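Here is the structure we will look at, set down as structure tokens.
All of the numbers you see were taken from the coordinates with simple rules; none came from a lab. All values reported here derive from a predicted model rather than from experimental measurement. Neighbour counts run over all protein chains shown; Cβ positions are idealised from the backbone, glycine included.
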């Protein structure tokens, strides 16, 4: 009998409240800090108008981040979601401006989302290429196609009804918030109530074991990327309606905010840990951060750098937490 | 005679089949490109165009050199382009005001500092490399915007412009610099302790750590070196284009990764080398040159880069290269 067996290492056991504080997603802390600073520092923050504005601003981000959450749960990443959103918006708007019905535009956008999901997913899950390389490649492809389609210009002169995707009100609640809610419910059901969802967690936990067990893991792995593509395609309509124009580069950088939202929401890059409720909080935190920096008069150029630092700090804290856990 | 042939055959037999695939496929790509382009465009086989291509390849190589070393350790540096952009803005601003040495030093120091931060985050912070360097990408872009406030710096002194636009013995200066860099990095990778550590970490980081290698310190050095080389490339780039603005680094990441992938360095680490990236840069420069000569819109450039990355990695994967290490 050796020493370790006689004296098992003492695990540090914190009080439940402390433990909860340690394991709470970073988004909560960021929201609390920003909330206090902004309520004290700017008169305009804690008003119904501004808070509604924040909620509207983060609708697109939340929907994209929900898809990104599933991908990160499988230990993947999708850097192409931003440009794919731009491409979907441009392609659908071009069809609609050319006189085709809305359904054709939606169908085309969803097809584009599915195609990029299939491309990314099969190269990652079937061929075994690293996710960030694959999606960086499709980043370039989506970006180029969107720019070529419009020759670098924006698509304008959208029909008036298109504004409904952003300005519409249904049962006193704006349409983008309904859309976010619907995306959340569908994703929650898929993730927590179906075989697909169990696979998402299991792929992140131990993909090799699933493969060896002879399950159809590749199929579900590809489906994760396809689902994120579909959500992104649908979100592009809110984005286009918000801008009242479709611009090929509108989505660039959105993938970055989405990754920030997912990580701030407590989803980890390792071992399929996390969930989508945290992501909604995370997206809200990113939205409040950007909105707050605007209210405080910090220029967009600083915002880019600050969000970068927030991402790094959150992932760093997460990995420290894992070391101590 | 036949003994020589046998010896040659025996030597070839010892090369792993995936390396043969790599070498043959790149040679075929080079020959195909040169043949097709010289048929399609009468300007391709002119001295002026040749100088264009090798100068473009040299710049491409300098931008991808640091990334190659990071990729050899099994990591990635998505911030190479952004660090280059930030370093270019800083140094161009100082150099255009007459502070030549200070400006040059600022580019190198800026690159080194950003790289150091990347290295510390990846090794001691245990943040996945693609996320740490992706965060750094946006930080560097953001700082670049803050520093430049949308302005463009134009017109650098002639003496400085020599390193980007000048000629020595009839050879463009960037080509000479890139060649020197290739030799130095090749020696570093194959004849120094750091070089051996880079391959060991890329082959199996856990084994390297367990056998007593200071993996974290070596990784910090690797990312710092990558940042430093981005700073160096920034100097040559601004000397060549004679201008700098905050968007300079935005479209440089995809070509750098494409050059590394074309060069056959495994994205899983441990396999490949800097000479491969030199070949990759030449192929890439030929492709870009071909697109220009054939009048393809620059809008397509990103798609071409994306397709090159996907296809070259895919080809290596299917062609038997040891890309997957379980």
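Here are a few things to note about the model shown:
- Altogether, the Stokes-Einstein calculation at 4 °C and 1.567 mPa s, with the Kirkwood radius of the range B:58-250 over Cα pairs as Rh, returns a diffusion coefficient of 77 µm²/s.
- Between 0 and 90 degrees, the angle of helix A:81-97 with respect to the longest Cα principal axis of chain A falls at about 20 degrees.
- Nearest-0.05 FRET efficiency for residue A:170 and residue B:207, computed from C-beta distance (R0 51 Å): 0.30
- Ordered by the count of other Cβ atoms within 10 Å of each Cβ, fewest first, A:270, A:301, A:255 give A:270, A:301, A:255.
- Sorted by Cβ density within 10 Å, fewest first, the residues A:172, A:167, A:78: A:172, A:167, A:78
- Prolate/oblate/rounded call for chain A, Cα gyration tensor, a/c under 1.5 rounded: oblate
- Rounded, prolate or oblate (a/c below 1.5 giving rounded, otherwise prolate when a/b exceeds b/c) for chain B by Cα gyration tensor: oblate
- A:198, A:242 arranged by Cβ crowding within 10 Å, fewest neighbours leading: A:198, A:242
- Relative contact order, percent, the range B:58-250 [alpha-carbon distance under 8 Å, six or more residues apart]: 45 percent
- Of the peptides B:191-198, A:135-142, the order by per-residue mean of other Cβ atoms within 10 Å, starting with the highest, comes out as A:135-142, B:191-198.
- The range A:229-266 versus the range A:117-145: alpha-carbon centroid distance in Å: 18 Å
- Between 0 and 90°, nearest 10: helix A:254-264 axis offset from chain A longest Cα axis: 30 degrees
- Mean residue ellipticity (222 nm) of chain A, computed from DSSP H runs ≥ 4 via -39,500 (n - 2.57), nearest 500: -24000 deg cm²/dmol
- For residues of A:144-152, the mean tally of beta carbons on other chains within 10 Å: 4
- Taking the inverse of the mean 1/r over every pair of distinct Cα atoms in the protein assembly as shown gives a Kirkwood hydrodynamic radius of 26.1 Å.
- Peptide A:305-311 shows a mean partner chain C-beta count of 6 within 10 Å per residue C-beta.
- Percent RCO, i.e. relative contact order, over chain A, from Cα pairs under 8 Å lying at least 6 residues apart: 33 percent
- Degrees, to the nearest 10: A:48-73 long Cα axis against longest axis of chain A: 60 degrees
- The modelled label-to-label distance for the pair residue A:50/residue B:193, using points 7 Å beyond Cα in the direction of Cβ, is 5.7 nm.
- Shape class for the range A:62-251: oblate, because the ratio a/c of the largest to smallest gyration tensor axis (alpha-carbon atoms, square roots of eigenvalues) is 1.5 or more and b/c is at least a/b.
- Cα point-scatterer Debye curve for the range A:91-196, base-10 log of I(q)/I(0) at q = 0.13, 0.23 Å⁻¹: -0.74, -1.21
- Computed over chain B: relative contact order in percent, which uses C-alpha pairs under 8 Å that are six or more apart: 32 percent
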